[in-house]
Structures are given as C-alpha cells and as structure tokens.
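Only one structure is covered here, and it is reproduced in the block below.
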Amino acid sequence: MNIRTFHFIAIFGAIGALGGCFGAKSPTLNTQFSLENLEEKQNIMPVAVIGSGPAGLMAATYTARGGKDTFVIEGNKPGGLLMDTTDVANWPGELSIKGQEIIDHLHAQAEHQGVQFVKDAVERIDTSQWPYVIYTENGSIMYALSIIIATGASPRKLGIPGEQEYWGAGVTSCAVCDAPFYKGEEVVVFGGGDSAVEEAIQLASYAKKITILVRKDHMRAAVGMQDRLKEYPQVSIQYNVEPRKILGNGELLTGVVLYNNKTGKTSTFATSGVFLAVGHDPNSAIVKQVVKTDAHGYIHIGPGNQQTSVSGIFAAGDVADFRYRQAGTASGQGISAGLDTVRFLDEIGFTPTIASQIQSNLFGADNTQETRSETEVVLSVETMDQFKQLIDQENVVVFDFWAETCPSCKQMLPVFHAAAQEFAGKATFVTIDTDEAPDITQELFVHKIPCLLVFKDGSLVSRYTNAMSKKELSLLIQQVVEGE
Ligand code: NDP
C-alpha cells in the first residue's frame, strides 16, 4: 500500500469535534489519530474486538455492518460464559434457548456480515502510539485503529483453605462440564444467585442430593429462577451458612467446614463435590494498565456511551457492567459499542476509500485459519491396557480428558492439536473421551474436565484441570520435555 495516496480529508477538523463527542482525554489528539501513521504498517485491524461472548459478537456485527473491517480475537474461552449455561429463559424473543445456541446464532450472524475470527488471545495492548498495538499469546502483533474490549467475566473462587488443593478433585465451578462425575453422589453448591440455581438444576440429572448453601437468609436469584427449583425434590437449600474450609483425604474432597452466622456454630458437612457459584470477576487484567477501572476491576465507560478513558477504545458487557450482567444487556452494550466505534472511525476520517486502500495490509485472513499439518498425530485410547502400554513405551505422553457435553473441553481440543503439531516427535498426544473410557477416568481420579495429565518415563509429572491457552500448554510441555 502506498499510504501517500490516501486522501487525508478534514481529519484534523473532525478530530477536534471528536473530543466533544466522546469526552476524549488526550491532549495530542490531532497528531494521535493521523492516518499517516498507517504508513508501512501490516496486520492492520480497523476494528479489533477482544472477546467473543454476546457483547463482542454483537459489537462486531454492528461495526462490520457499518462498513468497517472487523476482527474478533476470540480469547481462550470462545463464546464466553454462555457456553457453560444450559437453558436461558430471558433471551429476547425466546421462551427457552441453550446458551451455546445463542452464541452459535450470534457467531453466524457476525460471520454473515463479514467479521473475521482470530483464534488467539490478547496478552498486552500498547496505547502509547496509534494505531494501538495488540500483542497476542501466539506472538502476533496487530495494529488496531479502534478496539472494543468485551472480555467478559470469570467465575470467582472462595479463597478458603483446601480450595486450591482440591480444585479438580472435588471442587469445580462448571456443572455443565463436571456434573456427570457425581452420579448418585451428594454434593453442595455455594452461592445464592442465578448461577447457583443453574448449577443445581444441571446437577439434578446426576447427583442423588444437592444442597445449595446460601450465606444470607435469602437467595438473590431471580424469583423465576428460584421457582424452577421446586421441580427438583433432590435439591434443598440451607441459609445463613458460610464456607470456611474444604476438607479431603489427600486425594479427594470429603467435606466442607461451615460457619452458621445466625447461631455462631461451626460444623462439618460431608460431601464429595463442591460447585462454586459465588459470583464473577471482570476479566480486565490485560487492560487495567491501559484504561481506567474501578476498585473491583470493572472498566469505566461513558457517561452515555461505551467510550473508555482512552479515545478509540470502547468496552461492553460483563467487563464493564457491574449492575445488569445479563446476556441480553451485554449484547445491547455490544451494539452501542459497535455504533460508537463506527462513529469514531468516521470522525477520524477513516473513509471507505481509505478502507479499500489498506485492504492488502489488513490482518491476514490466512492467520485466522486453523492449520494442521499432515504429520500431526493425536491418538485416542479407551482401555486401561492401551493407556498403560502408551505410558510404558513413550517418553513423554500428554493426555487430554474431555467429553462431548463439555464446551470448555471442545474449546481446548484445537489448542491440544496445535501443541501436538508443535511437539511432534518430542511428545505423544492422546485424547480420552471420559464417556467412552470411564475406567481410565476413575483410575486417574479425573473429576473435572478439561483435565490434562502429563506422564514422563511412566510417571505422572503434571496435572492441570482447566482449559489452557496455547502458550500455557506449550510452556508446560516444553518444561517436561526439557526435564525442568
Ligand atoms: P451473583 O453476584 O448474582 O451471586 C453471587 C452469589 O454468591 C450471591 O448469593 C452471594 O451472596 C454469594 N457469594 C459471594 N461470595 C460468597 C462467599 N465468599 N461465600 C458464600 N457465598 C458467596 O452472581 P451469579 O454468578 O449468580 O450471577 C451473575 C450475573 O449473571 C447475574 O446478573 C445473573 O442474573 C446472571 N446470570 C443469569 C443467568 C440466566 O439468566 N440464565 C444464569 C446465571 C447468571 P450475597 O447475596 O450474600 O452477596
């Protein structure tokens, strides 16, 4: 691209107006948004949306529909929290719909508008220059004219003794993924919000008895959600109890210590599973140094729009919304952020002519494709004999436990395949479907999926019970292969 062919029409005048529109803060605004800065740049993204939940997908649909080339950097949990949600009864226009179905529809709609999806996660954003520079976990560097942060929120942990020790060995926060491991057992759910109800209902198909433990004398879940519990006699609720400690036998969880804040008494509650539904924290760690956040990590926006404290950077959904935190409101905020972004790009003079002139400098469509080489081999085993044979014969073996019903597991599979390709010849990669291989799953104490077990010279050297990014997985295997 020869940037000198750009028509820098009235950019500076328009930018002056922009400060008024969005309350922009930068004193160097005029020079900051000079489109001359695009000169010689590759990997340009006119709109970079970070996050692929309802906020990100709707924002992307609107910017693409507004004629701006839009890229969604999906993150390590594509689709976000809705992927772990079962029935949603308050999505506009639907009596009941699965969370995953909502995401599938929004994804298809965005794709239909020409949005491109990038299978990567953002590590860092540099706003000391414009276009803003995005560094990703897979090592890409992108130049973004505008950014929409829609990174959502993650389930909160309790931070009590035993929680970390028994994470994946009885403690979890995803009933959609892990409920099948608690067939016929007695389990507890901590929390009194909508998520606690969701977890209990999901567990009701498997566990014999489910007790929801609420720290107040009432639940904060919507009345309609609480009513749904009446259909499940195996679910009961205890109020005024606070979790104090997770107990176990060194391998598996056996109970919890509870404090009754009404009687002042402490007691032990025997259980084999603890499902956490104690709220969510905004995923703002990667942007905290870049945009203003409040004491809880929620991004400051507005007033009256989705503009963050940095011009050209917008935020939408759970990462910026302490109050509503609904899939519907997140998608609505995504729409607003999309419209704000289109307006921003128009006002800095990013015209359709300029957009067409930088087409060959846009972030490569090829980078968005999953690449798999012919030589990549991922095995799968179903019997204990096959399993033992592999760990006896191979030097380093990495097992990925997954199930068809587990959305996080399915998100993990492409990462696992990519690692298999990277470490071909150095380690053997094997998937185990927990539904098809219950013996191996039980023998190896897998109670939470996705679960990665790494064996070296026949011995278990690493256990990881969460979805991993490609970078984290590569680092882990590198360390094992190099014997660190
Ligand atoms: P909420 O913040 O609504 O609820 C968290 C619950 O955990 C509260 O009952 C809180 O107690 C309790 N809690 C927090 N910390 C502790 C602790 N240390 N020990 C014991 N209990 C604790 O979070 P949710 O994740 O349930 O919901 C988040 C948002 O997502 C909400 O807006 C909700 O409406 C939405 N959502 C909607 C769904 C749907 O429509 N299908 C499904 C799931 C979520 P306290 O009340 O005392 O603060």
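Side notes on the structure shown:
- Cα gyration tensor, the chain - rounded (a/c under 1.5), prolate or oblate: oblate
- For the range 185-250: rounded, prolate or oblate by the Cα gyration tensor [a/c cutoff 1.5]: oblate
- Between the range 173-238 and the range 69-140, the alpha-carbon centres lie 28 Å apart.
- The range 178-223: C-alpha gyration tensor shape, a/c 1.5 cut-off, then a/b vs b/c: prolate
- Positive end of the dipole of the chain (Cβ unit charges, origin at the Cα centre): among T308, F429, N249, the Cα lying farthest that way belongs to T308.
- Counting only protein heavy atoms and a 1.4 Å probe, the range 353-484 has 48 square angstrom of accessible area per residue.
- Angle in degrees between helix 407-422 and the longest Cα principal axis of the chain, rounded to the nearest 10: 70
- Rounded to 5, percent antiparallel among DSSP beta bridges of the range 48-172: 50
- C-alpha long axis of helix 384-393 to longest principal axis of the chain, angle in °: 60
- Helix-derived mean residue ellipticity, 222 nm - over the chain, DSSP H n ≥ 4, -39500 (n - 2.57), to 500: -8000 deg cm²/dmol
- Stretchable slack from R156 to H300, in nm (0.36 nm times residue separation minus alpha-carbon distance): 49.8 nm
- Computed in the context of the full set of protein chains, the accessible area of the chain at 1.4 Å probe radius has 48% of its extent on carbon or sulfur.
- Accessible area in the full protein assembly, largest first, 1.4 Å probe, for R65, R228, R156: R65, R156, R228
- The residue list P46, A169, T293 was ranked by how far each Cα lies along the charge dipole of the chain toward its positive end, using unit charges on Cβ atoms, and T293 comes out on top.
- Cα-based Kirkwood hydrodynamic radius, the range 379-452, one decimal, Å: 12.5
- Put a plus charge on the Cβ of each Lys and Arg, a minus charge on the Cβ of each Asp and Glu, and nothing anywhere else: the dipole of the range 68-158 about its Cα centre is then about 280 debye.
- Cα-based helix-to-principal-axis angle, 54-65 vs the chain, degrees rounded to 10: 30
- Remark: the Q234-E422 segment gains 63.0 nm on full extension, using 0.36 nm per residue and subtracting the alpha carbon distance.
- Antiparallel beta bridges, as assigned by DSSP with both residues in the range 199-268, represent about 70 percent of the total such bridges.
- With a simple spin-label model that places each label point 7 Å from the Cα along the Cα-to-Cβ direction, the separation between Y259 and L475 comes to 3.4 nm.
- Between D104 and E40, the contour length at 0.36 nm per residue exceeds the Cα-Cα span by 19.4 nm.
- Each Lys and Arg contributes +1 and each Asp and Glu -1, all at the Cβ; summed about the Cα centre of the range 93-220, the dipole is approximately 340 debye.
- Check: the chain dipole with +1 on Lys, Arg Cβ and -1 on Asp, Glu Cβ, in debye: 1780
- P(r) for the range 264-391, from all Cα pairs and a bin width of 5 Å, is 2, 7, 11, 11, 10, 10, 11, 10, 9, 8, 5, 3, 2, 1, 0 %, short bins first.
- Those residues of the range 151-171 whose amide nitrogen sits under 13 Å from the label point placed on F445, 7 Å along Cα→Cβ: 165-171
- Per residue accessible area of the range 210-348, 1.4 Å probe, in Å²: 48
- Top positive-direction residue, dipole computed over the chain with Cβ charges, set L390, N466, S154: S154
- Dimensions in Å of the range 317-365 - Rg and Dmax from alpha carbons: 15.2, 42
- Partner lysines for K245 [C-alpha distance under 16 Å; skip if fewer than 8 residues away on the same chain]: K157, K265
- Bridges between two residues of the chain, per DSSP, are antiparallel at a rate of about 50%.
- The residues of the range 145-205 present an accessible area of 29 Å² per residue when probed at 1.4 Å with all protein chains retained.
The values are calculated or read from the model by the stated rules, or taken from the named source; none is laboratory data. No experiment lies behind these values; they were computed from the predicted model shown. FYI the Cβ positions are ideal-geometry reconstructions off the backbone, even for glycines, and counts take in every protein chain you see. To get the accessible areas, we keep the full protein, side chains included, count just its heavy atoms, and leave off ligands, DNA and RNA. Shrake-Rupley method; radii C 1.70, N 1.55, O 1.52, S 1.80 Å.
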